[in-house]
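Every read-out reported here was derived from the displayed coordinates using simple, explicitly stated rules and does not represent laboratory data. Note that this is a predicted model, so its numbers are computed, not measured. Cβ placement follows ideal geometry from the backbone for every residue including glycine, while neighbour counts extend to all protein chains displayed.
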Amino acid sequence: MVDRFDVIESGGERGRRRWIGLVVALALLLVPAVSLLVSREPERDRAPDSVLPQPVPEPIRSLRTIDNPPNVLHAQPEEKGGDEVIDVVFPHGARVEVRYPAELGLAEMGSRPFQGAWVEGSYRQFVAPYGGEAQITQGGEPIRNYAPNVTLWPRPAGSGGYGQVLMFAFGPWRLAMYDRGRGLSFEQRTALAEGLRGKVTRNGYLVLSAEGSGDGVRLAEPGDTVRGEPVGPQLWFGGGTGTMVVLAPAPGCKRTAAVPYVIGGRGRPVDSVCRSGVQVTVTGPHTFRDQAIKGIRIAFE
């Protein structure tokens with residue numbers, strides 16, 4: 001027990017040596033302790049990556065998404081006797097006046113274009129992703145450019161049998177062509193990039209054409225079907241997990257006509273009616289479907 005206190009109480013050379021020895025021993029103990037405290041990360045920094053804020057990638061300058069909301073057009077409705085009236089333009093250029101009960105809120109739901117096409121005999125679909133450019137790019141970089149407004153992107157995760165994606169930029173609109181199976185060849189993709197043209201109308205609708213592409217690219221016309229489903233020009237109102245209305249010009253269509261895949265594949269109740277050469281297909285709550293089928297009126301301009 002005496003030795004424990006010699007360093008403090010004893011004087012002389014022996015005391016100094018023991019004092020120095022204690023300092024050295026304490027230094028040896030303090031160094032690792034300080035190192036541990038310095039190297040220890042704050043609790044916030046040691047949180048799992050999944051809860052840390054992720055950096056927002058800079059979008060590709062040539063393909064910025066449009067503003068609020070992305071890739072969806074909200075027409076300005078005109079009120080008429082408890083109804084709303086909107087003027088719409090289909091992807092093949094046909095102009096139509098759509099009148100409906102104001103409670104349906106089609107203008108508020110917003111619309112997106114759809115267009116089927118054949119590329120040297122291979123059927124493909126052009127859709128406007130509801131999430132806009134970000135839904136395709138996911139913050140990454142394109143594989144290649146086929147034209148100033150056409151880029152190729154990797155196969156999206158969880159896309160099933162679909163492959164790489166060609167994304168077209170027409171003004172504020174982004175159209176995606178999801179490849180499938182073996183995919184189009186380089187030459188076919190080049191022909192498509194050069195042959196597909198898009199023009200945005202004054203009221204914001206996208207009109208497509210395949211001028212100058214010869215037989216390489218043929219856009220589906222109203223009434224065209226693939227496996228019985230309509231693939232001609234369409235306008236999709238709403239989407240995601242909510243209610244949805246699809247307007248598809250189809251001369252001579254019948255009530256028993258097959259519904260567009262975007263609605264038929266949801267596994268939800270669907271109602272459809274042909275009115276003035278346009279197939280109206282609706283999914284959603286029963287009251288919404290009933291009101292839409294009875295209340296939507298079509299008039300070509």
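Okay, here's what the table says:
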{"item": "Sites E187 and E221, calculated FRET efficiency, Cβ-Cβ separation with R0 30 Å, nearest 0.05", "result": "0.75"}
{"item": "Signed unit charges on C-beta, dipole axis of the stretch 111-219, positive-most listed residue P113, A210, Q138", "result": "P113"}
{"item": "Reciprocal mean inverse distance between Cα atoms of the stretch 111-219 - Kirkwood radius, Å", "result": "14.1"}
{"item": "Under 21 Å from K254, Cα to Cα: lysines that are on another chain or at least 8 residues apart", "result": "K294"}
{"item": "Charge dipole magnitude, Cβ of K and R +1, D and E -1 - the stretch 103-218, Cα centre, debye nearest 20", "result": "80"}
{"item": "Highest-first arrangement of 113-120, 268-275, where packing means the average Cβ count within 10 Å", "result": "113-120, 268-275"}
